[in-house]
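Colleague: Let me begin by handing over the structure; questions about it come next.
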Amino acid sequence: MSGPRKATTHVNQNEGLIFEKSSPGKAAWKLPPLDVPAVDAEKILGAVARSDLGNMPEVSEIEIIRHFTRLSTWNYGVDTGLYPLGSCTMKYNARVNEVVARLRGLAEAHPYQPQRLSQGALQIMKALADCLLEITGMDAITLQPAAGAHGELTGILMVRAFLEAQGNPRKKVLIPDSAHGTNPATAAICGYVVENLKSNAAGRVDVGALERQMNEDVAALMLTNPNTLGVFEEEIHKIADILHAKGGLLYVDGANLNALVGKTRPGDFNVDVMHLNLHKTFSTPHGGGGPGSGPVACKRRLEPFLPLPVVMENPDGSLEFDYDRPKSIGRVRAFYGNFGMHVRALAYILANGPDGLRQTTEDAVLNANYIRKKLEGVYELPYKTPTMHEVVFSDKKQAAKGVKTGDIAKRLIDYGFHPYTTSFPLIVPGALMIEPTESESKEELDLFIEAMRAIAEEAEREPQVILDAPHTTRVSRLDEVQAARKPVLRWRPPMREAAD
Amino acid sequence: MRYLPKSPSDREAMLREIGARSIDDLFSQIPTEYRLSRDLKVPRQMAESEIVEYFRERGAGTAADHASFLGAGVYEHYRPLVIEALASRGEFFTAYTPYQAEIAQGTLQSIFEFQTMICELTGMEVANASMYDGSTAVPEAAMMAARITGRHAAVVARTVHPEYREVLATYVQHEGMKVTEVGYGENGRVDMAAVDKAVTEQTACVILQSPNFFGTIEDVAAMAEVGHRKGALLVVVVAEAVSLGIVRPPAEADIVAMEAQSFGVPPGFGGPFCGVLATREKYVRQMPGRLVGETRDRHGRRGFCLTLSTREQHIRREKATSNICTNQALVALMATIFLSVYGREGLKELARHNLAKAAYAAGELRKKAKVLFDGAPRFHEFVVQTQEDPHELNRRLLEKKIVGGFPLKKFYPELGNASLWCCTEQMKRESIDAAVAAVRA
């Protein structure tokens, strides 16, 4: 077994749970002297007073710093290296974004502060909205949804409200079999029956099948474009026409917008409503699982149904929130959305400008195609259709040796990379979905390709090395079955456990 | 381009390897008529120094240098510096959802600690790895109650944050869930007799907030009894989590829907915040959102992984408990660090300071105006009724660099010239005195 070129082990300290460091009397806090008379809490609160905070920890500041610093070293992030999780779009998170989002006047702004004091924040929301409308080619937008799936919910509620206003909300939403699981879950919450739409041999929507399936019961088609194979729906205009001819709407899941910015605009190919994932396309950090932000853009005829409030410009140029929207679907979140993410996304757009945004898209597509070319033949390519920002291989060749996509992923960790997406799209059994993004240099891509080739060789010669991977991490493969069978979802002090 | 690590010659070499003549070959799938042949009309590329300046200018005209009595669901508590120092570590904030457990133990363990702390604070048995925010946690709790009980109606107190109630209405409008609102009594608590009357055999849950929107602490135990008697679940909303340092946990609730913003998260003009759902163990499979569980690796070492994901949309698709995917992991991490700093004793003392500041402010304001809802205990918010329109008062306060209370007319017209005032530990006595001086008796 030849050693991987990228990864080596390094000092990586053991660390228990924060609760296990706790001891009565330790403290990391200090409050200033109280400048008003102290109160007798028990007297004020009476029966609702609390005296015991259970097993909350008591620790010092240095212990907290060491604890979370050590935990951080157990994580792989974009800062650590290539993170080719397909459809998740893990790109570089610029430091300037973090700095400006923490500026005192923005981070400390209260959502109910007087409008006069909110002009700067509103200007940021307006500037971002304007940029996103130009990038998508749509007419109106809300920044309120807190994540992509939340944007889907908002968008489908708008579709429903629009159709309802015409007299019939309709019954079904069509969703391609390659779609993200959030699409069907969203349609269900909005009261729709989900109907699957089969992909054709090219991995695209089967336009003939769509034509046959489309009828007056269908409210909308939820389409990801480019889809989860990284394939652009070439016949997108026909798809839109089929929907529109029977009074349905075209919803686009903007998860893969990173492949389109500056090159084409969904609004131009007749999309009615779409969401964007600011954390995917506009480099707001994913934070180990959020926060995200999922603005929803729509065509003019859907504008009255946007959630309230929306930012409105007064004749004098000042900005305010408009709550007077009788057709609105209502509110989808308290306040105005994840404003901190709006700040970061705008900072990203300003750092790129029109040239940079286009170049970013081109580099993302170039990187994915480079990987595709270099690994074709080494791994099975189930769909030969040209792809854009991501490429999906299958484990067919390696599975013949008993090595599955999940195993290859774990072995990739030993080579110093975060694995690709293993569980997606559902139409490719044993998928290896790779999305390098524009943030990777040729050198990093070559190292990744070399690692993938080396693993393919191992699958031939010594598959057990892969099946036992990862070998270099602080914990080896975890028993996820046991975790689900007997869930342990919180820590309990050993004493009590013994008493139980 | 500062963020792009390829030279023109790298690009050329890569195109050659691919066998493409130009980059446009790679976009040939896009029909020509839809290809953008012009520059996007967005601002020109800016230098880092210009970007910082742009946002500094926009941040300059805000309320940062004002004393603020605003609360109403967003609370300004002191944020210990270690939170930013640690949450800014790239391995935390540039990571994705921990699907690959072996290289995400940092995120996973911190979430496990978060789940544990939320359980300790709320008196619940399990907590999830966070929701978008408190307002969206409420409809998720209501829909969860509907799944558990097989019933499709909810009774919600009008003292629940008005915007939370609006979000609830938006979410459940196509779930066939009937929502009945119930008013409040003289003491600012939900009208218990009215709740008793409103709960029927169709009621999945009673939803109340404590401390409620007026800052009043509800009688959770009594309300649980009312709901449970008719087979409904009790959902308790906690919008001000710091209250849990000194107020009895809502242990009689079946589901707690919480906003954790108070734990070290800046007001940020309304987000990102951190919602949480917590519940009893027997309901865990009906709870939406991610969960982290403890397990063992091949060598028997302790480790953590995402678990019970068969509830989630990526597995169950349209039959999932919710469509939530991305949550608020980084914000949950900030809350976990905040809770580690204050801990068992600090949280109590912090809450005590909040209580004292608000008690002093209410006492002083009472000399010039009417403080409503005296008959029940409250935490750090209270309703003041003034002679003059609160908007007028607030205009005068603004001249003194004070942001006054939140006028309630918009949501509670029946209360007249009332506004909601909040004092956290950050409020200085001199600001309280200055505000009181400006009130016209």
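Colleague: If you add up the charges near A:CYS190, with Lys and Arg at +1 and Asp and Glu at -1, over every other residue whose beta carbon is less than 10 angstrom from its beta carbon, what do you get?
Modeller: Taking every Cβ under 10 Å from that of A:CYS190, the sum is -1.
Colleague: Now for a different question. Please list, or write none, the lysines whose alpha carbon is within less than 20 Å of the alpha carbon of A:LYS91, excluding same-chain residues fewer than 8 places away.
Modeller: Answer for A:LYS91, where 20 Å is the Cα cut-off: A:LYS6, A:LYS263, A:LYS280, A:LYS442, B:LYS6, listed by chain and number.
Colleague: If the cut-off is 19 Å between C-alpha atoms, which lysines fall inside it for B:LYS197, apart from same-chain ones fewer than 8 positions away?
Modeller: Those lysines meeting the cut-off are B:LYS178, B:LYS230.
Colleague: Using every pair of alpha-carbon atoms in chain B, split the distances into 10 Å bins beginning at 0 and state the percent of pairs per bin, rounded to integers.
Modeller: All Cα pairs, binned at 10 Å, distribute as 4, 18, 26, 23, 16, 8, 4, 1, 0 percent.
Colleague: I would also like to ask the following. In degrees, nearest 10, range 0 to 90: what is the angle between the Cα axis of helix B:329-365 and the longest Cα principal axis of chain B?
Modeller: 30 degrees
Colleague: Quick one: angle between helix B:134-149 and the longest Cα principal axis of chain B, in degrees between 0 and 90, rounded to 10, please.
Modeller: That works out to roughly 80 degrees.
Colleague: For chain A, with the dipole built from +1 on Lys and Arg beta-carbon atoms and -1 on Asp and Glu ones, taken about the Cα centre, which of A:GLN113, A:GLY267, A:ALA41 lies farthest toward the positive end?
Modeller: Toward the positive end, the furthest listed residue is A:ALA41.
Colleague: Please give the length that would be gained between A:LYS26 and A:ASP268 if that part of the chain were fully extended, namely 0.36 nm times their separation in residues minus their C-alpha to C-alpha distance (nm, one decimal).
Modeller: 81.0 nm
Colleague: Hey, what angle do you get for helix B:390-399 against the long axis of chain B, alpha-carbon based, 0 to 90 degrees rounded to 10?
Modeller: Value to nearest ten degrees: 60.
Colleague: Suppose each label sits 7 Å from its Cα in the direction of the beta carbon; what would the A:ASP177-A:ASN196 distance come out to in nanometres?
Modeller: 0.6 nm
Colleague: Take the alpha-carbon centre of the range A:415-467, take the same for the range B:360-407, and report the distance between them in whole Å.
Modeller: 61 Å
Colleague: Within the range A:1-98, list the trypsin sites (Lys or Arg not before Pro) lying in a DSSP loop whose Cβ has at most 14 other Cβ atoms in a 10 Å radius.
Modeller: Counting only loop positions with at most 14 other Cβ atoms within 10 Å, the trypsin sites (Lys or Arg not before Pro) in the range A:1-98 are A:ARG5, A:LYS30.
Colleague: Suppose every Lys and Arg Cβ carries +1 and every Asp and Glu Cβ carries -1, with no other charges. What dipole size does chain A come out with about its Cα centre, to the nearest 20 debye?
Modeller: It works out to roughly 560 debye.
Colleague: Chymotrypsin sites (Phe, Trp or Tyr not before Pro), restricted to the range A:304-380: which are DSSP loop and have at most 13 other Cβ atoms within 10 Å?
Modeller: Filter output for the range A:304-380: A:TYR323.
Colleague: Out of A:VAL378, B:LEU408, A:GLN464, whose Cα points farthest toward the positive end of the dipole of the protein assembly as shown (charges: +1 Lys, Arg; -1 Asp, Glu; placed on Cβ)?
Modeller: Farthest along the dipole direction, towards plus: A:GLN464.
Colleague: Sticking with this structure for a sec: Cα atoms only, the protein assembly as shown: Rg and Dmax in Å?
Modeller: Answer for the protein assembly as shown, Rg first and Dmax second: 27.2, 88 Å.
Colleague: Across peptide A:80-86, what mean number of C-beta atoms from other chains lies inside 10 Å of a residue's C-beta?
Modeller: Mean shielding count: 2.
Colleague: Cross-link candidates for B:LYS370: which aspartates and glutamates have Cα within less than 18 Å, leaving aside residues fewer than 8 places away along the same chain?
Modeller: Filter leaves B:GLU186, B:GLU381, B:GLU388, B:ASP389, B:GLU392, B:GLU414, B:ASP433.
Colleague: Where only protein heavy atoms count, and the probe is 1.4 Å, what is the accessible area per residue for the protein assembly as shown in Å²?
Modeller: Accessible surface, normalised per residue, equals 33 Å².
Colleague: Expressed as a whole percentage, what fraction of the accessible surface of the range A:1-105 belongs to carbon and sulfur atoms when a 1.4 Å probe is rolled over the protein heavy atoms?
Modeller: In the range A:1-105, the share of accessible area belonging to carbon and sulfur is 54 percent.
Colleague: Now for a separate question. Using a 1.4 Å probe and counting only protein heavy atoms, how much accessible surface gets buried when A and B come together, both sides summed, in Å² to the nearest 100?
Modeller: The contact between B and A buries close to 17200 Å².
Colleague: OK, next. 7 Å from Cα along Cα→Cβ at both B:ALA438 and A:SER318: what's the point-to-point distance in nm?
Modeller: 1.7 nm
Colleague: Let me ask another. Calculate what fraction, in whole %, of the accessible area of chain B sits on carbon and sulfur atoms when a 1.4 Å probe is rolled over the protein chains.
Modeller: Answer for chain B is 48 percent, counting heavy atoms of protein chains only.
Colleague: Now, a different point. What nm value, rounded to one decimal, do you get for the distance between B:LYS178 and B:ARG366 when each label is placed 7 Å out toward the C-beta?
Modeller: For the pair B:LYS178/B:ARG366, the computed spacing is 4.3 nm.
Colleague: Here's something else I'd like to know. First measure r as the distance between the Cβ atoms of A:GLU211 and B:LYS400, then evaluate 1/(1 + (r/R0)^6) with R0 = 41 Å and state the FRET efficiency to the nearest 0.05.
Modeller: Approximately 0.05, to the nearest 0.05.
Colleague: Let me ask something else about it. Need the per-residue list for the range A:46-67: every residue with at least 50 Å² less accessible surface in the complex of protein chains than in the chain by itself, probe 1.4 Å, sorted by number.
Modeller: The answer is A:VAL48, A:ARG50, A:LEU53, A:MET56, A:GLU58, A:ILE64 - residues whose exposure falls by at least 50 Å² when every protein chain is included.
Colleague: At R0 = 25 Å, how high is the FRET efficiency between A:ALA38 and B:LYS428 if r is their beta carbon distance? Nearest 0.05 is fine.
Modeller: About 0.95, to the nearest 0.05.
Colleague: For Cα pairs less than 8 Å apart in space and 6+ apart in sequence, what is the mean separation divided by the residue count of the range B:238-372, i.e. the relative contact order in percent?
Modeller: Dividing the mean separation by the residue count of the range B:238-372 yields 24 percent.
Colleague: Loop-only chymotrypsin sites (Phe, Trp or Tyr not before Pro) in the range A:396-475, please: DSSP not H, G, I, E or B, and at most 16 other Cβ atoms within 10 Å.
Modeller: Listed in order of number, the matching sites amount to none.
Colleague: In addition: What FRET efficiency, computed as 1/(1 + (r/R0)^6) with R0 = 25 Å and r the Cβ-Cβ distance, is obtained for A:GLU235 and B:ASP39, rounded to the nearest 0.05?
Modeller: Here the calculated transfer efficiency is 0.35.
The values are calculated or read from the model by the stated rules, or taken from the named source; none is laboratory data. Because the structure is a prediction, the values reported are computed rather than measured. Reconstructed Cβ throughout: ideal geometry from the backbone, glycine too, with neighbour counts over all protein chains shown. Keep in mind that these areas ignore ligands, DNA and RNA; they rest on the heavy atoms of the full protein, side chains included. Shrake-Rupley method; radii C 1.70, N 1.55, O 1.52, S 1.80 Å.
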